[in-house]
Amino acid sequence: MSEEGPTIEPMTEADIDATLAIDLASFHPRDIGGERAAREKNLREELARTWARLRVARGRAGDVLGYILFWHVADEIHLLNVAVAPAARRRGVGRALVDDLVASSRRERAAKILLEVRASNEPAVRLYERLGFVRFNVRKAYYSDGEDGVEMVLELGAA
Ligand SMILES: CC(C)(COP(=O)(O)OP(=O)(O)OC[C@H]1O[C@@H](n2cnc3c(N)ncnc32)[C@H](O)[C@@H]1OP(=O)(O)O)[C@@H](O)C(=O)NCCC(=O)NCCS
């Protein structure tokens, strides 16, 4: 990663293996729809969806340090996943990915960015709060293991 931070670019098919490795190191299989093969199929489907966007954060050597997945539905952005390789965490990569999403959402005149996160996922909740997201609802037992889901929003306004 350069001193200015990672480069954020659209994900391509060539990034799928690196992205899968980050996913498998970051999420429990129940949260990403299964093991590697199921997840790979799912990622390829997201790449093909016209309303879905995948972006990667690259280090200086072009290596994938993290990625973000979101959907653009009407005037809302739904942030579905953001993950950073364990070895690259706490260096601003997650923040760079979400900052980039906020900037592009503003450019595209979206009204808000919505997301839902496990109540116990403190790193993610802190990251989102730090970037201005606020909690607006708790979905009781939203996850299959009974954990609550915290819904958060960043209102983008007209500015
Ligand atoms: C959440 C995640 C994406 C953060 O990525 P990251 O690159 O480590 O985050 P950053 O370095 O940009 O951190 C930005 C801010 O988030 C907060 N934060 C990040 N990790 C944190 C942690 N482990 N504990 C507390 N706060 C944390 C801090 O406020 C941090 O700012 P600071 O470093 O100046 O204190 C990463 O931990 C991850 O991949 N987790 C597994 C996947 C996941 O749960 N994704 C979210 C649900 S979709």
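Brief remarks on what is shown
- Considering residues of the stretch 72-122 that are within 13 Å of the chain's Cα centre (by Cα) and charged (D, E, K, R) only, the residue surrounded by the fewest Cβ atoms within 10 Å (Cβ to Cβ): Asp99
The rows are residues; the columns are (1) open to solvent by less than 20 Å² (accessible area, probe 1.4 Å); (2) in contact with a strand residue (DSSP E or B) (Cβ under 8 Å, 6 or more places away or on another chain); (3) closer than 29 Å to Glu147 by Cα.
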residue: Glu9; (1), (2), (3): no, yes, no
residue: Glu35; (1), (2), (3): no, no, yes
residue: Gly62; (1), (2), (3): no, no, no
residue: Leu65; (1), (2), (3): yes, yes, yes
residue: Phe70; (1), (2), (3): yes, yes, yes
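- Scope the stretch 80-102; condition within 6 Å of the ligand (Cβ to nearest atom) and in contact with a helix residue (DSSP H, G or I) (Cβ under 7 Å, 6 or more places away or on another chain); matching residues: Val82, Ala83, Val84, Gly94, Arg95
- Set side by side, the residues Arg126, Arg139 differ, and just one is among the basic types (Lys, Arg), in contact with a strand residue (DSSP E or B) (Cβ under 9 Å, 6 or more places away or on another chain) and open to solvent by 70 Å² or more (accessible area, probe 1.4 Å), which is Arg139.
Residues checked against (1) at pLDDT 95 or above; (2) within 16 Å of the ligand (Cβ to nearest atom):
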residue	(1), (2)
Glu116	yes, yes
Leu127	yes, yes
Arg130	yes, yes
Tyr143	no, yes
Ala159	no, no
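- Against the numbered list (1) more than 15 Å from the chain's Cα centre (by Cα); (2) more than 24 Å from Met152 (Cα to Cα); (3) outside any loop (DSSP other than H, G, I, E, B); (4) not β-branched (Val, Ile, Thr), Gly34 comes up short only at (3).
- Pairs where the first residue, in the stretch 88-115, is among the charged types (D, E, K, R) and the second is within 15 Å of the ligand (Cβ to nearest atom) and open to solvent by 30 Å² or more (accessible area, probe 1.4 Å), C-beta under 7 Å, 6+ apart: Arg91/Met1; Arg95/Leu127; Arg95/Leu131; Asp99/Leu131; Asp100/Ile8; Asp100/Arg55
- On the stretch given as the stretch 11-26, residues that are open to solvent by 20 Å² or more (accessible area, probe 1.4 Å) and free of Cβ contacts under 8 Å to residues at least 40 places away in the same chain total 5.
- Of the criteria (1) at positive phi; (2) more than 12 Å from the ligand (Cβ to nearest atom); (3) among the small types (Gly, Ala, Ser), which one Ser105 fails: (1)
The values are calculated or read from the model by the stated rules, or taken from the named source; none is laboratory data. Everything numeric in this text was worked out from a predicted model, so none of it was measured. We place every Cβ from the backbone using ideal geometry, glycine too, and count neighbours over all the protein chains shown. Surface accessibility is based on the protein's heavy atoms, side chains included, excluding ligands, DNA and RNA. Shrake-Rupley method; radii C 1.70, N 1.55, O 1.52, S 1.80 Å.
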